[in-house]
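**Student:** I'd like to ask you about the structure that follows.
The values are calculated or read from the model by the stated rules, or taken from the named source; none is laboratory data. Source: prediction; values computed, not measured. No Cβ is skipped: glycine too gets one built from the backbone with ideal geometry, and neighbour counts run over all protein chains shown. Areas reflect the complete protein model, heavy atoms only, side chains present, ligands, DNA and RNA absent. Shrake-Rupley method; radii C 1.70, N 1.55, O 1.52, S 1.80 Å.
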Amino acid sequence: MKKITIAIDGFSSTGKSTVAKQLANKLKYVYVDSGAMYRAVTFYAMKSGIISDSFFNVNELLKNLKNIILEFKFNDKLGFGEMYLNGVNVEKEIRSLDVSKLVSKVATVPEVRKVLVEEQQEMGKQKGVVMDGRDIGTVVFPFAELKLFMNASAEKRAQRRYDELIDRGDNVSFDEILKNVQYRDHIDSTREDSPLYKAEDAIEIDNSDLSLKDQFNFIYKIVQKRINES
Ligand code: DC
């Protein structure tokens, strides 16, 4: 069967990665969480004293870009690739609220975007890839056979992220998560380089009131149709 490229974009915590992982498992495609790459660069910058709540030394980050080696290593048990930063698994660290608070700033830097977009294009060049992010259908794979744009209300999204963080034992409040979701929506969609917007040929899916099962069944039908047409 012909392999296609599936680009999934949308606001934060819209369940992009959940559906992307489901599709990749079902189709035996490679899943790439592009947000994890921006998060890992941010984590590196935090650890190296390059960024904090009150400052961001962009030049220092640019000087260090060549020292940041990102890899996804497939975890058989989990069924997806985990993010390794310079050989160390940082999957847990990059999901923290501290990283979420700073990642949108790092993602505004054009030089960072350029390097990560090139790496993403390389990972997807054989097709058979499901990649999620903010600019996948618009910049990374503008010719993807299928583009999805996920959306849900900010409150629903904050609730999902809050539940995830509480489940793993983080000490966070719903209000700070909601503020972070709204803050990232704003920065991600208003930045100059590659802002988040729906590609003209993307299919928009609002999953505020869709169960995971219904959402998957709905999307999987679209995918099968697209594969048959390609
Ligand atoms: O998908 P996520 O919430 O893990 O992404 C983290 C941040 O990275 C998000 O706020 C914006 C940025 N990002 C981006 O600018 N472009 C992408 N392709 C993916 C993520």
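**Student:** Return the residue satisfying two criteria in turn: it lies in segment 33-54 and is within 18 Å of the chain's Cα centre (by Cα) and more than 21 Å from Glu164 (Cα to Cα), and of such residues it is nearest to the ligand (Cβ to nearest atom).
**Tutor:** Applying the filter and picking the extreme gives Val41.
**Student:** Mind listing just one residue for me: the one in segment 131-155 that is small (Gly, Ala, Ser) and not in a helix (DSSP H, G or I) and, of those, most open to solvent (accessible area, probe 1.4 Å)?
**Tutor:** Taking the candidates together, the pick is Ser153.
**Student:** Is there a residue being of a type in the set (Gly, Ala, Ser), part of a helix (DSSP H, G or I) and either buried (at least 17 other Cβ atoms within 10 Å of the Cβ) or in contact with a Lys or Arg (Cβ under 7 Å, 6 or more places away or on another chain) (or both) anywhere in segment 156-170?
**Tutor:** Yes, the conditions are met somewhere in segment 156-170.
**Student:** Here is a follow-up. Quick check on Thr108: is it near the ligand (Cβ under 10 Å from one of its atoms), open to solvent by 20 Å² or more (accessible area, probe 1.4 Å) and among the polar types (S, T, N, Q)?
**Tutor:** Answer is yes for this residue.
**Student:** Would you check which residues across segment 120-130 are in a loop (DSSP other than H, G, I, E, B), closer than 18 Å to Asp201 by Cβ and open to solvent by less than 40 Å² (accessible area, probe 1.4 Å) and list them? Let's see the steps before the verdict.
**Tutor:** Filtering segment 120-130 down to residues in a loop (DSSP other than H, G, I, E, B) leaves 124-128.
Now restrict to residues that are closer than 18 Å to Asp201 by Cβ: 124, 127.
Across segment 120-130, the qualifying residue is only Gly124.
**Student:** Now, a different point. Taking segment 71-97 only, how many residues are of a type outside the set (D, E, K, R) and open to solvent by less than 30 Å² (accessible area, probe 1.4 Å)? Step through it out loud before you land on a result.
**Tutor:** Pass one, segment 71-97, residues of a type outside the set (D, E, K, R): 72, 74-75, 78-81, 83-90, 94, 96-97.
Among the residues that remain, those that are also open to solvent by less than 30 Å² (accessible area, probe 1.4 Å) are: 79, 81, 83, 85, 90, 94, 96-97.
Final tally of qualifying residues: 8.
**Student:** Those residues that are more than 16 Å from Val117 (Cβ to Cβ), touching a residue at least 24 places away in the same chain (Cβ under 8 Å) and open to solvent by 20 Å² or more (accessible area, probe 1.4 Å), I need them from segment 53-62; list them, please.
**Tutor:** Asp53, Phe56, Val58
**Student:** Check Ile8 against each of (1) within 14 Å of the chain's Cα centre (by Cα); (2) within 12 Å of the ligand (Cβ to nearest atom); (3) farther than 24 Å from Ala154 by Cα and name the one condition it does not meet.
**Tutor:** For Ile8, the exception is condition (3).
**Student:** Among the candidates Val58, Val99, Val30, Val88, which residue alone is β-branched (Val, Ile, Thr) and within 14 Å of the ligand (Cβ to nearest atom)?
**Tutor:** After ruling out the rest, the residue left standing is Val99.
**Student:** Next question. Within segment 173-190, which residues are open to solvent by less than 70 Å² (accessible area, probe 1.4 Å) and either in a helix (DSSP H, G or I) or within 15 Å of the ligand (Cβ to nearest atom) (or both)?
**Tutor:** Listed by number, the residues that qualify are Phe174, Glu176, Ile177, Leu178, Asn180, Val181, Arg184, Asp185, Ile187, Asp188, Ser189.
**Student:** Considering every residue within segment 63-71, establish whether at least one is among the hydrophobic types (A, V, I, L, M, F, W, C) and under 17 Å from the mean Cα position of the chain (by Cα).
**Tutor:** Scanning segment 63-71 turns up at least one residue that is among the hydrophobic types (A, V, I, L, M, F, W, C) and under 17 Å from the mean Cα position of the chain (by Cα).
**Student:** Just to be sure before I move on: is Val41 aliphatic (A, V, I, L, M), more than 21 Å from Phe216 (Cβ to Cβ) and buried (at least 16 other Cβ atoms within 10 Å of the Cβ) in the structure I sent?
**Tutor:** yes
**Student:** Shifting gears a bit: From the residues in segment 1-23 that are buried (at least 23 other Cβ atoms within 10 Å of the Cβ) and among the hydrophobic types (A, V, I, L, M, F, W, C), which one is nearest to Lys213 (Cα to Cα)?
**Tutor:** The selected residue is Val19.
**Student:** For segment 89-102, what are the residues that are outside any loop (DSSP other than H, G, I, E, B), of a type in the set (A, V, I, L, M) and over 13 Å from Asp53 (Cβ atoms)?
**Tutor:** Result: Ile94, single match.
**Student:** What are the residue pairs meeting all of these: first residue in segment 89-106, first residue closer than 10 Å to Asp170 by Cβ, second residue within 12 Å of the ligand (Cβ to nearest atom) and open to solvent by 30 Å² or more (accessible area, probe 1.4 Å), Cβ atoms under 8 Å, and 6 or more apart or on different chains?
**Tutor:** Arg95/Glu164
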